[in-house]
Every structure is written in structure tokens, then in C-alpha cells.
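The values are calculated or read from the model by the stated rules, or taken from the named source; none is laboratory data. Note that this is a predicted model, so its numbers are computed, not measured. Glycine also receives a Cβ, built like all others from the backbone with ideal geometry; neighbour counts cover every protein chain displayed.
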Amino acid sequence: MSIEVNWERNDYSRIPFRLYHDEEVYALEMERIFRGPCWNYLCLEAEIPNPGDYRTTWVGDTSVVVSRAMGEGGAIHAFVNRCSHRGAQIVRKTHGNAPEHVCIYHRWCYRTDGELSGIPFRRGLKGEGGMPADFDMAAVSPQKLRLANVNGMLFGTFSEHAESIEAYLGEFGMGMVKRFLHKPIRIIGYSRQMIHGNWKLYAENLRDTYHASLLHEFFVTYGVDRATQKGGVKMDARHRHNMNHAFTGSDTQADALAAYAGTAGVVLDRMRLRDTKLLEHTPEFDDRMNLAAPTFFPNGLLIQINQSLGTRQIRPKGVDRHEVFQTLFGYADDSAEQARHRLISANLVGPAGFVSMEDGEAIELIQKATGNQAQACNVIEMGGRGPLKDLTHRLTETPVRGFWSYWAELMGVEPAGGIR
Amino acid sequence: MKVPDLIRHAASDLLAEYALLIDEDRLEDWVELFDEACDYKVVTRENVEQGLPNVLIWCDNKNMLRDRIASYRNVNEYNLHWDRHVIGAPRFCAKAAGAWVIEAGYSLFQTDMEGVSRLFSVGRYRIEFAVREEAARIKSALVIADSGLIPTLLASPI
């Protein structure tokens, strides 16, 4: 299978809308990206602390079980959640603890490392029926993923050829995972959101720092985040991952008022919270960032907004829908007061988050309006055209172009002279 | 549970009022159903069943509730829609310190500006209220949504 893309430009400053709507593109993405040489974010080790603990997760459109084995000192495994026999989903719960996994259909049985370990009536009954004598269970066991564990953040890949996780995430990515997960964490819980738009629109949204202080007006109105703050975007060497970040209190009110004067729909500093505890923020990292969202191609990110910490996973559900699965956490040594403040801070993020709810709507508006625009393209020039580079300001969409450059490479559709 | 008729009527009126005020977009009036020292929380059943404390929305006093509504009115962008709540009959669960606790199931439909309706959320309420001057006032409202997969986003209250 292959697709053709008529790129208007080789720097990805024009993206054909078709790429958000085409079923063939979507099918190829599942193969070349999610089942290709990428490391996909799976879940957190803290979610499966005990032998036999498991969680089901998604790699693209493939259901995957992440499991801590009963033996082997509790090693962690990830395998495709599909019975070798007839293809039924093996594990039906989102999480749990089990000494083995049994498909309900014909009770084929799997070890906690995913190996097929038992077939009812394999030898038949009284010399009749049964599987052929030379049937090899190991040969048909569910596909395993290669697993990487970075400070408790678990990544998986289907590819034998994927580079090492260190090389994949790069120094910047590895450093950011270690920043967030520098000590034991405690899971606070989950949220889920179904956005009726192509999954790449969410991936782009995470790489577009331009929208943050405009769409998410709460940021600006209450001073959590504005383009006048110190911050910027960082990318890995291949420009596939990125991090939008900002430092609280790094601009002045006068700067910000002047900068936003005349911006329709955004009026700075016009409201006050009656209860300001929501925005109380005690820097807890040495770098003093209050907003940090390192985003890892293709499906994962870590995100800090003030005191709220979490991961998000993009779960494509067809060409025109994706789920955003969010896991919030705090640290195991949080005081009761800190733990409470993290919960209060959860008001900022997630499907009902003061500074995140808008993304769902913006993405759906694009999906709705572009379906009949087979030949048309969007316009991505904020922050400049041409080469991809890190920026110490935030009025940029350059990482969006970085995303597309790696996407095009994996999909085998780079334009002549395509930048990387 | 033995409950005076007055209380039963107050609970029933409270739920009817609660639904109507949201559905008619009178959110500022909806806030007035709550005591100053109140608690409003939206959680999902997936978290509750795992004993996890995560919240989608948590206002631990009436000012936070006012802030939520002010932000909805003036700051946040969301899918334009009308809400329609269908709330089941309340079941009385407990009585403590002059307050009553009821639980009731709900369905919440959303209709977009072109008239397309969808089921937005189902779940249950656990509401603690006290009756003063013949009207019920909410001390706490816990919304436990079975529908943990939020369609698009959650802006107007459940």
C-alpha cells in the first residue's frame, strides 16, 4: 500500500486537508507509524506495581496489554490483546490483576508475559479430536512489543528496527521524562475525551504554541500563560518531538497589556477569580517552569500546568475520531495538602479543564469544515518558513512543520528536497 | 427510610429546579441552589471504582462555583449546545446533622445549534441538602458519570 501527496511546498507550511480525511492515509499511518519504527507511549509503571497487574492500552488502533509477570522478578511485558485462535480480544477489563489471561471463547490461556500456555482439549478426548500433535503454541503466541522503561514511563514498539529509546527521545526527551518522573509517583486517576477529529489535529495542537494564549483565553485572562512570558519551543534533532514551555511571572503586566491590545476576543486581565487558590503555584522543579508539555511522536506527552501533572495518550479511533486518555499523577511523598492542591489543579486540565476544554471544539471545527476540501491546504507560517529550529519565543507553529516532516518520512511521501 | 412528606417534596422540587435551571441556561440561578459552604464535584465511575480521587470538576465552595460559571460565560470556548436533563426519582440514603442525602440517576442530552441531539452523559447524583424556609439548599452535589468518555468536552455543568 502507498499513497501520494501533492505537497505545495517542501517545508510543510502547506498541508493538504485531505490528509485528515483519507481512509487510506489512516490505514497506512497505522502500519507505518504506530506499527512502524516509533516508540509509542503505553502507560506508567506505577499503574502496575504488583506481579500479575495489567492494564490495557492502545498503540494506534491495536489493543495492547501491559502486564507485570508473575515470575521473572516481575518483569514488564506488552503484547497484542488478541487471541491467537480466532482473534477475539483476550483481556476485557481496562486493568486488574490476574495470574493468567483466558480468552472466553474457547478458553485459550495466556501467561502474564503473553505466551500462549494452554489450549483446552489440545490432545482431544479418548484419542479423538484435538490439535495436530506437532502444533507449536510458541509459534502462534500473540505479538510482543519491545518495551522501554524510562523512569517508570513505559514505551513500546512493534518494530525490530526502531532505534534505542535514548536515541529516539533524544537528550531533550529523556531529560524531560526524568524531570517529571524524578521520584516515585502516585496515580490520581484518569479522564477520557472523544474528539471528533483526525488524530493528527491533536498532535498538531500540542505543537502549536501560537494558539495557547489565544484559544485558551483563561490563560491570558488570569495570567497563567501569555505569549509575553519567557518560554519557547524545543525540539529533538529530528523535529518529531517538541516541548512548549513557559515561566510564570516572567513578563510584566504592562508588557502583556500592550501586546494583547486590539486582539479580538481576548481581553487581558479583565476578570478576577473569587477564589484564587486554583492558580496558586509553588514551583517544584529546579527549572521553575509552570507550563511544560514535552510531546513525543506519535502518541504521548507529559504535561505540567502549574501543580497539575499528567500524561496524555492519543488513541486514534478511525480517520475522523480520537480519544485523548489522560492520566494524572502526584508524587508518593506529597503531603495531604499538596495532594489536595493537585486535585484542585485538575480543574485546569482534561475534558472540563479551564485551559484545555477548547481544544476539542477547535479540532472538531477543522474536521467539520475541511472534509470537502480535497485540494485545499492549511497555512502554517507563524514563526517562519523554511528550516526547522528551536525558538526562544512562543509565537510559532514550527514544531507542527517538524511533525509533518517526520510523518512524511515514515509514510514514504517526502517531497523533493523536503526539509527534516 | 422514614422521610417526612415535606422533605420528599422538597427533594423532588430541588431536582426539578436543578435540571430546569441548567437546561434553561440560568446557570447563575443554578448556583444559588447551593449553600455558601458547598461542594460540587464531577467524577467518573471509572475512577470511583478504582478508588482514585481524580475529578473533572471540583468546586469546594460557592465562590469556585461562581468562578466556573463566570469563566463559562466570559472566557471559555465550547461546543454551542442546549442541555436537557432527565433525572430519575430520588432515593433517600442518609440523614445527618439536619441534612438529607439522596441519590438519583440522570441522563443528559445535548442538542447542537442545528437541532442534532446526542446522549452526552449518564450517571448518578449524590446530593446532600438541608431544608430551610421550605426550600432545599444543596450542601454538596457529587456527580458520578458512568459516561467517562466525554464527547468533545464538558463545559456546562451536569
Report whether or not residue A:399 is crowded, with 20+ Cβ neighbours inside 10 Å and in contact with an Asp or Glu (Cβ under 8 Å, 6 or more places away or on another chain).
-> yes
Among residues of segment A:270-326, those that are touching a Ser or Thr at 6+ places or on another chain (Cβ under 8 Å), crowded, with 21+ Cβ neighbours inside 10 Å and not in a strand (DSSP E or B), counted | 3
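Within segment A:348-382, can you find the residues that are assigned to a loop (DSSP other than H, G, I, E, B), polar (S, T, N, Q) and under 16 Å from residue A:322 (Cβ atoms)?
Residues of segment A:348-382 that are assigned to a loop (DSSP other than H, G, I, E, B), as a first pass: A:349-356, A:371-376, A:378-382.
Subsequent filtering for residues that are polar (S, T, N, Q) retains A:356, A:372-373, A:375, A:378.
Listed by number, the list holds a single entry, A:356.
Quick check on residue B:150: is it within 26 Å of residue A:358 (Cα to Cα), within 14 Å of another protein chain (Cβ to nearest Cβ), at pLDDT 95 or above and assigned to a strand (DSSP E or B)? Show your work before the answer.
Numbers: within 26 Å of residue A:358 (Cα to Cα): yes; within 14 Å of another protein chain (Cβ to nearest Cβ): yes; at pLDDT 95 or above: yes; assigned to a strand (DSSP E or B): yes.
Considered against the rule, which asks whether it is within 26 Å of residue A:358 (Cα to Cα), within 14 Å of another protein chain (Cβ to nearest Cβ), at pLDDT 95 or above and assigned to a strand (DSSP E or B), residue B:150 comes out as yes.
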In segment A:347-361, anything within 17 Å of the chain's Cα centre (by Cα) and not polar (S, T, N, Q) is listed as A:349, A:350, A:351, A:357, A:359, A:360
Are any of the residues in segment A:23-33 modelled with pLDDT under 95 and either touching a Ser or Thr at 6+ places or on another chain (Cβ under 7 Å) or within 21 Å of residue A:367 (Cβ to Cβ) (or both)?
-> no
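Results for (1) in contact with a Gly (Cβ under 6 Å, 6 or more places away or on another chain); (2) over 20 Å from residue A:317 (Cβ atoms); (3) not small (Gly, Ala, Ser), shown as yes or no for each residue.
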{"position": "A:36", "(1), (2), (3)": "no, no, no"}
{"position": "A:56", "(1), (2), (3)": "no, no, yes"}
{"position": "A:59", "(1), (2), (3)": "no, no, yes"}
{"position": "A:76", "(1), (2), (3)": "no, yes, yes"}
{"position": "A:82", "(1), (2), (3)": "no, no, yes"}
{"position": "A:86", "(1), (2), (3)": "no, yes, yes"}
{"position": "A:92", "(1), (2), (3)": "no, no, yes"}
Evaluate the following for residue A:52: is it of a type in the set (Gly, Ala, Ser), surrounded by fewer than 16 Cβ atoms within 10 Å (Cβ to Cβ) and more than 19 Å from the chain's Cα centre (by Cα)?
-> no
Residue selected from segment B:114-147 under the condition within 20 Å of residue B:36 (Cβ to Cβ) and free of Cβ contacts under 8 Å to residues at least 12 places away in the same chain, by the criterion farthest from the other protein chains (Cβ to nearest Cβ) = B:133
From the residues in segment A:179-189 that are over 17 Å from the mean Cα position of the chain (by Cα) and either away from every other protein chain (no Cβ under 14 Å) or aromatic (Phe, Trp, Tyr) (or both), which one is nearest to residue A:357 (Cα to Cα)?
-> A:179
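Among A:288, A:312, which is the only one that is out of contact with any Lys or Arg (no Cβ under 9 Å at 6 or more places or on another chain), closer than 21 Å to residue B:155 by Cα and more than 13 Å from chain B (Cβ to nearest Cβ)?
Numbers: A:288 fails: closer than 21 Å to residue B:155 by Cα.
One residue alone meets the criteria, A:312.
Out of all the residues in segment B:83-104, which are in a strand (DSSP E or B), surrounded by fewer than 16 Cβ atoms within 10 Å (Cβ to Cβ) and not basic (Lys, Arg)? Steps first, answer last, please.
Within segment B:83-104, the first condition is being in a strand (DSSP E or B), and the residues that meet it are B:83-87, B:91-96, B:99-104.
Checking the rest, the ones that are also surrounded by fewer than 16 Cβ atoms within 10 Å (Cβ to Cβ) come to B:84, B:86, B:91-96.
Listed by number, the residues that qualify are B:86, B:92, B:93, B:94, B:96.
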For the subset of segment B:71-104 comprising residues that are in contact with a Phe, Trp or Tyr (Cβ under 8 Å, 6 or more places away or on another chain), more than 14 Å from every other protein chain (Cβ to nearest Cβ) and among the small types (Gly, Ala, Ser), which member is farthest from residue B:157 (Cα to Cα)?
-> B:94
Given the conditions (1) in a loop (DSSP other than H, G, I, E, B); (2) surrounded by fewer than 19 Cβ atoms within 10 Å (Cβ to Cβ); (3) within 18 Å of the chain's Cα centre (by Cα), which single one is not true for residue B:17?
-> (1)
Of all the strands (runs of 3 or more DSSP E) wholly in segment A:7-110, which have at least 2 residues that are touching a residue at least 12 places away in the same chain (Cβ under 8 Å) and under 15 Å from residue A:147 (Cα atoms)?
-> A:40-44, A:53-59, A:62-68, A:76-80
Every residue from segment B:44-70 that is of a type in the set (A, V, I, L, M), closer than 27 Å to residue A:325 by Cα and within 8 Å of another protein chain (Cβ to nearest Cβ) = B:52, B:55, B:56, B:57, B:64
Before we move on, is residue A:242 in contact with a Lys or Arg (Cβ under 8 Å, 6 or more places away or on another chain) and away from chain B (no Cβ under 14 Å)?
-> yes
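Take the residues in segment B:20-48 that are of a type in the set (Asp, Glu) and in a helix (DSSP H, G or I); name whichever of them is farthest from residue B:96 (Cα to Cα). Quick ask: steps written out before the conclusion?
We begin by selecting, within segment B:20-48, every residue of a type in the set (Asp, Glu); these are B:23-25, B:28-29, B:32, B:35-36, B:39, B:46.
Okay, now just the ones that are also in a helix (DSSP H, G or I), so B:23, B:28-29, B:46.
On the way: B:23: 30, B:28: 28, B:29: 26, B:46: 28 Å.
Per the criteria, the residue is B:23.
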Does segment B:102-109 contain at least one residue that is farther than 23 Å from residue B:67 by Cα and among the polar types (S, T, N, Q)?
-> yes
Just give me the residues in segment A:190-234 being in a strand (DSSP E or B) and either under 16 Å from the mean Cα position of the chain (by Cα) or modelled with pLDDT under 85 (or both), in sequence order.
-> A:190, A:191, A:192, A:193, A:194, A:195, A:231, A:232
Being polar (S, T, N, Q) and at the interface with another protein chain (Cβ under 8 Å from one of its Cβ atoms) is the filter here, so list the residues in segment A:343-362 that pass it.
-> A:347
Give segment A:106-127 a look and list any residue that's among the basic types (Lys, Arg) and touching a helix residue (DSSP H, G or I) at 6+ places or on another chain (Cβ under 9 Å), or say none.
-> A:122
